[in-house]
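A quick write-up on the structure given underneath.
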Amino acid sequence: MNRWEPVIGLEVHVELKTQTKMFCGCAVAYGDPPNTHTCPVCLAHPGALPVVNRRAVEYAVRIALALGCSVPPRNVFHRKNYFYPDLPKAYQISQFDEPLAVNGRFDYWVDDERLSCRINRVHMEEDAAKLVHAGESGRIAGSEYSIVDFNRGGTPLVEIVTEPDIPSPAAAGELLRQLRDLIVELGVSDCVMEEGQVRWDANISVRPAGSEELGTRTELKNMNSFRFLQQALESELPRQIAVLEAGENVLQETLHFDPETGTTTPLRSKEEAHDYRYFPEPDLVPLVMDPAWVEEVRAALPELPAARVERFRQQYGLSRYDAFALGNTRPLATFFEAAAASGADAKLLANWTMGTYLAYLKEAGLEPGAGFVTPARLAGIVQMIAAGAVSGSAAKEVFALMLTERAEPAEIVERHGLGQISDQDALAAAVATVLDQNPAEVEAYRAGKQKLLGFFVGQVMKQTRGRADAALVSALVRKALDE
Amino acid sequence: MSGLDPLRLTALEAKRLLREGEVSAAELTSLYLRRIAAVEPLVHAYIQVCADDAARYAALIDSEMTASRGALAGLPTAIKDNMVTEGVVSTSGSRILQSYSPVYTATAVRKLFDEHVVMLGKTNLDEFAMGSSTENSAFHATRNPWDVGTVPGGSSGGSAAAVAAGEALWALGSDTGGSIRQPASLCGIVGMKPTYGAVSRYGLVAFASSLDQIGPLTRSVGDAALLLRHISGADPQDSTSVGLPFEVEVPTAERLDGVRVGVPREYLAAGIDDGVRTRFDETLRLLEDLGAGLTEISLPHTEHALAAYYIIAPAEASANLARFDGVRYGYRAAGCDDLVEMYERTRSEGFGAEVKRRIMIGTYALSSGYYDAYYGQAQRVRRLVKDDFDAAFAQLDLIVSPTSPSVAFAVGSRTDDPLAMYMSDLCTIPVNLAGLPAISIPCGLSEGLPVGFQLIGPAFSENALLSAAHALERAIGFAAVPELRGAGQAVAEVTP
């Protein structure tokens, strides 16, 4: 048994895909030439004032409600003060002791276990600009000079703060993946990790297994890769345990994870921590949340992944695993549901969607729903299997030929003569041929090696190029041998 | 035209003369530009005079805007230099913005431009509006036209001195703790701070965001009403602006029958100069003569207002002024080796002593472990100060006091004593903390220098306040004008 258990909490930052920035009318855009989406407000020119983006508030409320948070009747913006070239006002407009939403919960799966993480708060803030440091290090220390692109500065951000409820690095990774899926589902962010549209800080501490008390935590800042997060936590965990087992204390500090060495190094200690001097932003009045409007936002929420997974289990009789694989993200779920609507057998369809179809998407580099394989086409193949029109193995050939020849499944079956052979006489003849060709195996079978049944069936299938009705063949083989 | 006296001409009169064709915009502008050329070397009211642009624009109004003239077309106007004006350097009186040319125009100024005022120039101020004497400007101290050995008050001392000296028909100022009313008082003109939120702050370089408000400095109460009418209004670019729920009317009241006026004893308790007190008491009697009823009242938290103000204003300022970091615009120290050195030297060299003092006070007041004791406590006091006013206004229409405890003081006499300087704003600061409208009108002279009388109204009572001020202004009949020693001498150069 482990003597120590980790306790992990997360702060997740999500860039919202609003048309315009959090506090000005500049476009939110990725990949445009530097400093082409700026104005006096997001460049912090003298006298410029912020105005809250109503759509950003709506998006943030969507996230809050989807996480089961309550939305207090008012929330307040604060100034978070620190100097850095990517922060033109030298304060970030954020929220502090009166955030947009509090007290939520996020349930997520780790393997077959359903875990629950409390959400402390959801609040709104603005993103910093993008700094590029010239020089080898790529960091500000040691760079020759740095340049700033203010296009990103002022992009609406939502920060989601969890309670320290996460029991392992792997669980942290799973939570983040499923949280990202939820946010994408809400239509408020594309969560493109490479663009930094979702990033997170993690804090981790360890405590004696079963203890209720929290140990001293360290923080890992600003990560945007699930893999690095998990690696960082997995390297930090034994380090803390070693410190504690040596009878020493873990220092509260902020750590930097180096993916190349796989280790963490201190960035700054608690003593060096910023004093952000939070105070209420006097340029903005408190946001009063009309309960009726909040309810409108709630009513307009799409079906959330967790609910959809549950519905897939019940409606289609799928296993938890299958329901999650198909139902957790909207594009695949939509594809599956469209295919299932044709009346195809749901379990068979699920297998084909998760197997052949996903493999095809991966190979072709396509998103679910794109490409030649429409829900109707995949459903068509599955329906032919269920109806006994093609065998399971011939269906795989139909799928492949459908792609190369760009034709309907039924036409492929017709064209290539792939229809299932269910004719008793024809199959009995094929069985007889196989038995004649394999006298030794017939002998062995009759001597009690019943496993060889599969061999004979396989040989018949081979002879019929997979078109034979496998169940019928099996019955015929047994009948012939038992005579 | 030859009969026009820039020391006495009101905007309402100038507007009438322009409309009736008795004077052209070019002639009127020329009158003020000549006056500026003559007296500016003594007064130093402006940081920048836009003589050529003003003359050109006035000529344009005369020649091309015959049918489509704005309501204020051709009226020569001065703008405090902490309001940004596109393409016209706007310094806020600071070295750190010495050559900063804004890319947009402040909403209040733009609204005046939309009515075709002629901007004569940008007026001097205490750096970032921090001060009560206009001696804290990075460029030069402005002098009081009544006695150039004294200060004009501040921080809108440039605007006040320009109007008083006949260097502008009227002007815009900004008021955070008295920065319009106190210089108006010391310069013998009218100055009004509107209700917080009546005028957009967009483009006003922020000092203390929750206290700042733009307002008029004029030669008459009627002019103040006219100017307020055109600068007020909700602005989608300022979330704290709400405008006024009525059209501002040019006041005509002559009597104040039945108006209930409170005189807070705390404002008169200590430190009011005898001469100021005498003029104030005389004015109270005039109020009674006009039919108003006087009551002595108490605003018990007044004594804490100054302390609360000097926490809240510096705290907000410490954040507001953090954007001046040398990265994007404005002054940047040369030859720095790294980021921290650039920040430190840029700000050390770019800001003056008073600004640094307030940034440090504000930073300290907000720092971890001190927030509750300072900023939190100051906000509670602010609430109590507001409650005092609310309780008083449940029974009253107006509260009156001297605007400043003293008349204009000698240049340099308080620069080494920040506390004495802060006391100049004793009677004006509580009004900003409570967000109320107030107006200062001249009520006579003491030792040859003007005394100001302050009228404070409930929030959004501008029309009633202007009416009362107008009736009282008529009764006072203040007609003195400053006699500038050296004025009228031919002066070759206008300050750049």
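The values are calculated or read from the model by the stated rules, or taken from the named source; none is laboratory data. Note that the structure is a prediction, hence the values are computed from the model and not measured. Reconstructed Cβ throughout: ideal geometry from the backbone, glycine too, with neighbour counts over all protein chains shown.
Descriptive notes on the structure:
- Residues (within 14 Å of chain B (Cβ to nearest Cβ) and in a strand (DSSP E or B)) located in the stretch A:20-73: A:20
- Just one residue in the set A:469, A:436 is at pLDDT below 85 and either out of contact with any Cys (no Cβ under 6 Å at 6 or more places or on another chain) or surrounded by 15 or more Cβ atoms within 10 Å (Cβ to Cβ) (or both); that residue is A:469.
Quick grid of which residues meet (1) within 17 Å of residue B:171 (Cα to Cα); (2) among the basic types (Lys, Arg); (3) surrounded by fewer than 23 Cβ atoms within 10 Å (Cβ to Cβ); (4) within 14 Å of another protein chain (Cβ to nearest Cβ):
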{"site": "B:13", "(1), (2), (3), (4)": "yes, no, yes, no"}
{"site": "B:23", "(1), (2), (3), (4)": "no, no, yes, no"}
{"site": "B:27", "(1), (2), (3), (4)": "no, no, yes, no"}
{"site": "B:69", "(1), (2), (3), (4)": "no, yes, yes, no"}
{"site": "B:83", "(1), (2), (3), (4)": "yes, no, no, yes"}
{"site": "B:86", "(1), (2), (3), (4)": "no, no, yes, yes"}
{"site": "B:99", "(1), (2), (3), (4)": "no, no, yes, yes"}
{"site": "B:102", "(1), (2), (3), (4)": "no, no, no, yes"}
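- Test: residue in the stretch A:170-187 that is basic (Lys, Arg), over 21 Å from residue A:92 (Cα atoms) and without any contact (Cβ under 8 Å) to a residue 12 or more places away in the chain: no
Table: residues versus (1) among the hydrophobic types (A, V, I, L, M, F, W, C); (2) part of a helix (DSSP H, G or I); (3) out of contact with any helix residue (DSSP H, G or I) (no Cβ under 9 Å at 6 or more places or on another chain).
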| site | (1), (2), (3) |
| --- | --- |
| B:185 | no, yes, no |
| B:202 | no, no, no |
| B:207 | yes, no, no |
| B:214 | yes, no, no |
| B:236 | no, no, yes |
| B:241 | no, no, no |
| B:248 | yes, no, no |
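Condition check ((1) among the small types (Gly, Ala, Ser); (2) surrounded by fewer than 17 Cβ atoms within 10 Å (Cβ to Cβ)) across all residues:
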{"position": "A:18", "(1), (2)": "no, no"}
{"position": "A:32", "(1), (2)": "no, yes"}
{"position": "A:36", "(1), (2)": "no, yes"}
{"position": "A:48", "(1), (2)": "yes, no"}
{"position": "A:55", "(1), (2)": "no, yes"}
{"position": "A:58", "(1), (2)": "no, no"}
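- Subset of the stretch A:305-336 (residues that are part of a loop (DSSP other than H, G, I, E, B), surrounded by fewer than 18 Cβ atoms within 10 Å (Cβ to Cβ) and in contact (Cβ under 8 Å) with a residue 24 or more places away in the chain): A:317
- Complete set of residues in the stretch A:201-260 that are of a type in the set (A, V, I, L, M, F, W, C) and more than 24 Å from residue A:174 (Cα to Cα): A:242, A:243, A:244, A:246, A:250, A:251
- Considering only residues in the stretch B:322-341 that are more than 9 Å from chain A (Cβ to nearest Cβ) and surrounded by 19 or more Cβ atoms within 10 Å (Cβ to Cβ), the one that is nearest to the chain's Cα centre (by Cα) turns out to be B:331.
- Residue match in the stretch B:413-430 (condition: closer than 23 Å to residue B:134 by Cα, in contact with a strand residue (DSSP E or B) (Cβ under 9 Å, 6 or more places away or on another chain) and surrounded by fewer than 24 Cβ atoms within 10 Å (Cβ to Cβ)): yes
- Residue check, residue A:147 of a type in the set (A, V, I, L, M), over 16 Å from the mean Cα position of the chain (by Cα) and under 30 Å from residue A:4 (Cβ atoms): no
- Verdict on residue B:358 being away from every other protein chain (no Cβ under 14 Å) and out of contact with any Asp or Glu (no Cβ under 8 Å at 6 or more places or on another chain): yes
- So residue A:285, is it outside any loop (DSSP other than H, G, I, E, B), of a type in the set (A, V, I, L, M, F, W, C) and surrounded by fewer than 19 Cβ atoms within 10 Å (Cβ to Cβ): no
- With respect to the stated conditions, residue A:282 fails to be within 14 Å of chain B (Cβ to nearest Cβ), in contact (Cβ under 8 Å) with a residue 24 or more places away in the chain and within 30 Å of residue B:240 (Cα to Cα).
- Consider the stretch B:342-352 and keep the residues that are over 21 Å from residue A:276 (Cβ atoms) and in contact (Cβ under 8 Å) with a residue 40 or more places away in the chain. The one that is nearest to the other protein chains (Cβ to nearest Cβ) is B:346.
Each row is one residue, and each column tells you yes or no for (1) out of contact with any strand residue (DSSP E or B) (no Cβ under 9 Å at 6 or more places or on another chain); (2) of a type in the set (Asp, Glu); (3) assigned to a loop (DSSP other than H, G, I, E, B); (4) more than 14 Å from chain B (Cβ to nearest Cβ).
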position: A:177; (1), (2), (3), (4): no, no, no, yes
position: A:199; (1), (2), (3), (4): no, no, no, yes
position: A:203; (1), (2), (3), (4): no, no, no, yes
position: A:213; (1), (2), (3), (4): no, yes, yes, yes
position: A:237; (1), (2), (3), (4): no, no, no, yes
position: A:240; (1), (2), (3), (4): no, no, no, yes
position: A:249; (1), (2), (3), (4): yes, no, yes, yes
position: A:254; (1), (2), (3), (4): no, no, no, yes
position: A:273; (1), (2), (3), (4): no, no, yes, no
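- Lone qualifier among A:97, A:112 - being among the acidic types (Asp, Glu), modelled with pLDDT of 95 or more, under 31 Å from the mean Cα position of the chain (by Cα) and in the same structural domain as residue A:284 (by TED's automatic domain parsing): A:97
- Residues in the stretch B:253-270 that are touching a Ser or Thr at 6+ places or on another chain (Cβ under 8 Å) and outside any helix (DSSP H, G or I): 6 in all.
- The stretch B:59-86, residues that are within 23 Å of the chain's Cα centre (by Cα) and either farther than 18 Å from residue B:201 by Cβ or at pLDDT below 95 (or both): B:71, B:72, B:73, B:74, B:75, B:76, B:77, B:78
- The stretch A:452-470 residues that are without any contact (Cβ under 8 Å) to a residue 12 or more places away in the chain, paired with ones that are of a type in the set (Phe, Trp, Tyr) (beta carbon under 8 Å, 6 or more apart): A:452/A:445
- Tabulated pairs, the stretch B:200-215, first on the phi > 0 side of the Ramachandran plot, second at pLDDT 95 or above, C-beta under 7 angstrom, 6+ apart or interchain: B:203/A:47; B:203/B:83; B:203/B:84; B:203/B:104; B:203/B:105; B:203/B:106; B:203/B:107; B:203/B:109
- The set of residues in the stretch B:42-54 being over 19 Å from the mean Cα position of the chain (by Cα) and surrounded by 17 or more Cβ atoms within 10 Å (Cβ to Cβ) consists of B:42, B:50, B:51, B:54.
So that you can scan it fast, the table gives a plain yes or no per residue for (1) more than 21 Å from residue A:37 (Cβ to Cβ); (2) modelled with pLDDT under 95; (3) buried (at least 23 other Cβ atoms within 10 Å of the Cβ):
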| residue | (1), (2), (3) |
| --- | --- |
| A:122 | yes, no, yes |
| A:138 | yes, yes, no |
| A:147 | no, yes, no |
| A:151 | no, no, yes |
| A:154 | no, no, yes |
| A:162 | yes, no, yes |
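- Matching option when the condition is under 27 Å from the mean Cα position of the chain (by Cα), in contact (Cβ under 8 Å) with a residue 60 or more places away in the chain and crowded, with 21+ Cβ neighbours inside 10 Å, among A:41, A:14: A:14
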